[in-house]
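Data block below; observations after.
The values are calculated or read from the model by the stated rules, or taken from the named source; none is laboratory data. These numbers were taken from a predicted model, which means no experiment stands behind them. Positions of Cβ are generated from backbone atoms using ideal geometry, with glycine treated the same way; all protein chains shown enter the neighbour counts. Heads up: the accessible areas ignore ligands, DNA and RNA and are worked out on the full protein's heavy atoms, side chains in. Shrake-Rupley method; radii C 1.70, N 1.55, O 1.52, S 1.80 Å.
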Amino acid sequence: MKRLDIFGLLKKDMNYIEDELFRSIEGEHKLLNETSMHLLKAGGKRLRPVFVLMGGKFGNYDLEKLKHVAVPLELIHMASLVHDDVIDDADTRRGELTVKSKWDNRIAMYTGDYIYARALMLTAHLENPLIHQVLSKAMVEMSIGEMEQIRDFFNTEQSVRRYLLRIRRKTALLIAISCQLGAVASEADRKTVNLLYRYGYNIGMAFQIQDDLLDLCGTEKQIGKPPGSDIRQGNITIPVIYALQDEELRGPLLREISYIRERNGECDVSGAIRIIKESKGISQAEELADRYFKKAFDALERLPDNRAKKNLRDIANFVAKRSY
């Protein structure tokens, strides 16, 4: 992903944040350095630091202050990915071997813990207690989201509401507070801070729904992992939930999911994907993502007019049209 190409205004600052990310995980332990660097070098969208910097544009922009928000938020995200890969038994991410695949589960778990700890060390530089409160609460909510996802593996009876609460915790919350805390650290006014949170929350919800769609509709080259990875792992996402509401297709899809579960995901999932695509599950999920995008744009329109507002609109359009 050419993450910096769409953020031309921030290219210099994002290069600085990237360098800070590498510096932040350097330590005395050779193996932890190697495993952490492996994940960092695999790249990523870096949306969370971008949102922090964009939020900072609505107040007194200070990169040296904002880096102590942007870098920890990206590290928290990275740590959650390492743990996710263990839970999901994922061999690849972004087209590269995962930490758990290249080393093992135990090393991956300690790598995730190490990156979390590094994130907390960096936040010690921040004096505003609100930032610490928001960050710690988000980490608790993310952990609950992970537990909820594990509990719901292969649960074909879950509701749309339950799914939305889970992705709020797992994905949307961290994006929301990235926008929020960039503005808080830059001393923006409360109304602006709240609107940025709403924008980030709705972009985050739409972003995750898009991810779930790409897992079913994208190619391995596009998404950096085999299509159908979610259903193979037992993660019942929104297109599947909608597809299961189709009375004619529910029985065949349940049989496919049961077959996948019996074989612990070590099987062909193309049959399940075909049924989901035959249903209205894909179009209904797309409509749901569009509703969240609309809410994000509504919050955006109420923000003060500046260059950052235009860039946030461009980012929303980019996320809406992405194919990776």
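A few notes on this one:
- The stretch 260-268 - phi-based ³J(HN,Hα) in whole Hz, Karplus 6.51/-1.76/1.60, Gly and Pro as x: 4, 5, 4, 9, 6, x, 8, 6, 6
- Using Cβ point charges alone (K and R +1, D and E -1), the dipole size of the chain about the Cα centre works out to roughly 840 debye.
- Above-threshold pairs, the threshold being 30 Å between Cα atoms, out of Lys170/Lys321; Lys102/Lys295; Lys11/Lys225; Lys137/Lys277; Lys277/Lys310: Lys102/Lys295; Lys137/Lys277; Lys277/Lys310
- At R0 = 30 Å, FRET efficiency that the Cβ-Cβ distance of Lys321 and Lys277 yields, to 0.05: 0.90
- Over the stretch 236-324, accessible surface divided per residue gives 54 Å², non-protein components excluded, 1.4 Å probe.
- Here the Karplus curve 6.51 cos²θ - 1.76 cosθ + 1.60, taken at θ = phi - 60°, turns the phi angles of the stretch 243-249 into couplings of 4, 5, 7, 7, 4, 6, 9 Hz, with x standing for Gly and Pro.
- Within straight-line cross-link reach of Lys30, aspartates and glutamates at Cα separation under 18 Å, skipping those fewer than 8 residues along the same chain: Asp104, Asp113
- When the square roots of the Cα gyration tensor eigenvalues are ordered a ≥ b ≥ c, the ratio a/c for the stretch 67-140 is 1.5 or more and a/b exceeds b/c, which makes its shape prolate.
- Ordering of 231-237, 274-280 by packing [mean C-beta count within 10 Å, highest first]: 231-237, 274-280
- The listed peptides 48-59, 295-306, 64-75, ordered by packing as a protection proxy, come out as 48-59, 64-75, 295-306 (highest mean of other Cβ atoms within 10 Å first).
- Over the chain, relative contact order from alpha-carbon pairs under 8 Å, at least 6 apart, %: 19 percent
- J(HN,Hα) series, the stretch 218-232, from Karplus relation 6.51 cos²θ - 1.76 cosθ + 1.60, nearest Hz, glycine and proline x: x, 9, 4, 5, 5, 9, x, 7, x, x, x, 4, 4, 5, 5
- Seen through its C-alpha gyration tensor, with square-root eigenvalues sorted a ≥ b ≥ c, the chain comes out oblate because a/c lies at 1.5 or above while a/b is not bigger than b/c.
- Shown for the chain: the carbon plus sulfur share of the solvent-accessible area, taken with all protein chains present and a 1.4 angstrom probe, equals 49%.
- Residue among Arg291, Arg106, Arg93 with the largest mean-square fluctuation in a Gaussian network model of the chain, springs linking Cα atoms under 10 Å: Arg106
- Heavy-atom surface of the stretch 102-212, accessible at 1.4 Å and reported per residue (Å²): 46 Å²
- Angle in degrees between helix 30-41 and the longest Cα principal axis of the chain, rounded to the nearest 10: 80 degrees
- For the stretch 91-174: rounded, prolate or oblate by the Cα gyration tensor [a/c cutoff 1.5]: oblate
- For Thr92, nonlocal amide neighbours, meaning residues 5 or more places apart or on other chains whose placed amide H falls under 5 Å from its own, are Thr98.
- Relative contact order of the stretch 183-232, pairs being alpha-carbon contacts under 8 Å that are 6 or more residues apart, as %: 21 percent
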